[in-house]
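For reference, the structure is listed below as structure tokens.
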Amino acid sequence: MATLPKEVLRNMIVDGDLKTVNDLHTYLKEMFKDALQEMLEAELEVELGYVKGDKKNKNTDNRRNGTTKKTVSTRFGEIELDIPRDRNGEFEPVVVPKHTRDISGIEEQIISLYARGMSTRDIHDQVKDLYGIEVSADMVSKITDKIIPQINEWKNRPLEPVYPFIFLEQQIGRIEMADCVKMDTIILINSSTKYPTMVLFQFLIGSL
């Protein structure tokens, strides 16, 4: 698993049919991929100066030119991304640089964007820290605006009004810390619904 602050893991509520640590790992991997895709699209929008489909504000002869598939290595495993292209070949992605196949190390910053309690300003600052001095303040703002709807959709997803039973499952898993890998307790808080499925409400690192 990626290096994630304990407070982030304690506060995140994961939706879906998740029963094991592997399910959680897959969910976080998809969340990470989706966020990267939005960031790449936002970077191209800044490069071209207009949003996709907005011909009114287009002031360039350059335009979008489809995507190129690229497989990158992360702490979640390999991820296939659709890298957007421009007609003139001038677009140089920052979050996933050209010729770079290993982007491990940014998972914590991106997944943390989904944590409860993160304000728009917090997300903006997190994106700024992620990109560093390589991009302008305008690009940071546009990238933040691009990913906020996706983050809010995840935070505001509907839950069932009633969950008759709550189940706690304790597992031992490998947790990657800043300077080491250690075995720690992972507690999954599940609940049954009226359907034959389980919903993972929350996952905690460390004992209760």
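Our estimate of slack between Q150 and D54, defined as 0.36 nm per intervening residue step minus the Cα-Cα distance, is 32.5 nm. Taking each residue as 0.36 nm, the span from E92 to E134 lengthens on full extension beyond its C-alpha to C-alpha distance by 14.0 nm.
Once you have the Cα-Cα distance between D125 and S141, take 0.36 nm times their residue separation minus that, and quote the gain in nm to one decimal. Don't skip to the answer; put the middle values down first.
Details: separation 16, 0.36 × 16 = 5.76 nm, distance 0.96 nm.
Contour length minus the Cα-Cα distance gives 4.8 nm.
Given K56/K142; K29/K56; K56/K155; K52/K128, which pairs have Cα atoms separated by over 30 Å? Pairs exceeding the cut-off: K29/K56; K56/K155.
Bear in mind these aren't lab numbers, they're just calculated from the coordinates by the rules spelled out. Note that the coordinates shown come from a computational prediction; the quantities given were computed from them, not determined experimentally.
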